[in-house]
Amino acid sequence: MGHDVVLATRDPDTTRARQEWVGVELPLVRLAEAAEGAEVVVNATSGAGSLAALQAVGSEPLAGKVVLDLSNPLDHSHGFPPSLFVVNTDSLAEQLQLAFPEARIVKAFNTMSVSVMVDPSLAGGESTVFVAGNDSDARATVAALAADLGWRDVLDLGDLTAARAMEMYLPLWLRLFRTVGTLMLNIKVVRAPEG
């Protein structure tokens, strides 16, 4: 889409040695270097590791940056389906915002598979992606990135407390996946015509 992308990991050498890295031509750096020169930092870690990963990046490098959080607070300790380790009156996104108050956290893309995220047509037609965050300009930045990926229905849910509902959607998404048998699914918010 014309964006420069740099991937970050705890140990670039170990990551480069993995079979799934063969043929990948993107720069790979340590987490501590992830935000250098970045306009947007994407937190694509497991929810249980999100805080530690962002701590490895550091508060100062994240200050003022849009941090697109697509993680989910999944607790796999009791098998499948996982439960949520934060729910109802809080969200993982809010916890990250509290830990990094100068970052501009935006929750988005956590309600779908990675394949659908980057190609919304894989979900079988136009569907909806949600964005939530305390900074309206940061939400607009993420909405613009979504449009670059082909999303035409970007629904701005407002402040970061909306991340609670977005994260609580995951148990339903997992049930839908088990029922329909594919990760290539999403939902569409249908609105009644005005008037």
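Only the coordinates and a few stated rules stand behind these numbers; no lab work does. All figures in this text were calculated on a predicted structure; none of them were measured in a lab. Ideal geometry is used to build each Cβ from the backbone, glycine not excepted, and the neighbour counts take in all protein chains shown.
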For the chain, what is the mean residue ellipticity at 222 nm derived from helices alone (per DSSP H run of n ≥ 4: -39500 (n - 2.57); sum divided by total residues; nearest 500 deg cm²/dmol)? -8500 deg cm²/dmol
If one puts a single equal scatterer on every Cα of the chain and applies the Debye formula without solvent, what log₁₀ I(q)/I(0) results at q = 0.09, 0.12, 0.18 Å⁻¹? -0.34, -0.62, -1.41
Could you work out the relative contact order of the chain? I mean the mean sequence separation of Cα pairs under 8 Å and 6+ apart, divided by the number of residues, in percent. 18
Ranking request for peptides 139-147, 23-31: highest mean number of other beta-carbon atoms within 10 Å first, then the rest in descending order. 139-147, 23-31
Under the Karplus curve 6.51 cos²θ - 1.76 cosθ + 1.60, θ = phi - 60°, whole-Hz ³J(HN,Hα) for region 146-158, x wherever Gly or Pro sits: 4, 4, 4, 7, x, 6, 9, 10, 10, 9, 7, 8, x
Karplus-derived HN-Hα couplings along region 34-40 (A = 6.51, B = -1.76, C = 1.60, θ = phi - 60°), whole Hz, x at Gly and Pro: 4, 8, 4, x, 7, 8, 9
Which residues' amide hydrogens lie under 5 Å from the amide hydrogen of Phe130, considering only partners 5 or more residues apart or on another chain, with H built in the peptide plane? Phe109, Leu155
Quick query: amide H of Ala8 versus all other amide H atoms, modeled in the peptide plane; which residues come in under 5 Å with a sequence gap of 5 or more or a different chain? Val29
Convert each backbone phi in region 113-118 into a coupling constant with the Karplus relation 6.51 cos²θ - 1.76 cosθ + 1.60 (shift: θ = phi - 60°), then list the ³J(HN,Hα) values in order as whole Hz, x for Gly and Pro. 6, 4, 4, 5, 3, 8
Residues with amide H under 5 Å of Tyr169's amide H, sequence separation 5 or more or different chain, H placed in the peptide plane at 1.01 Å from N; which? none
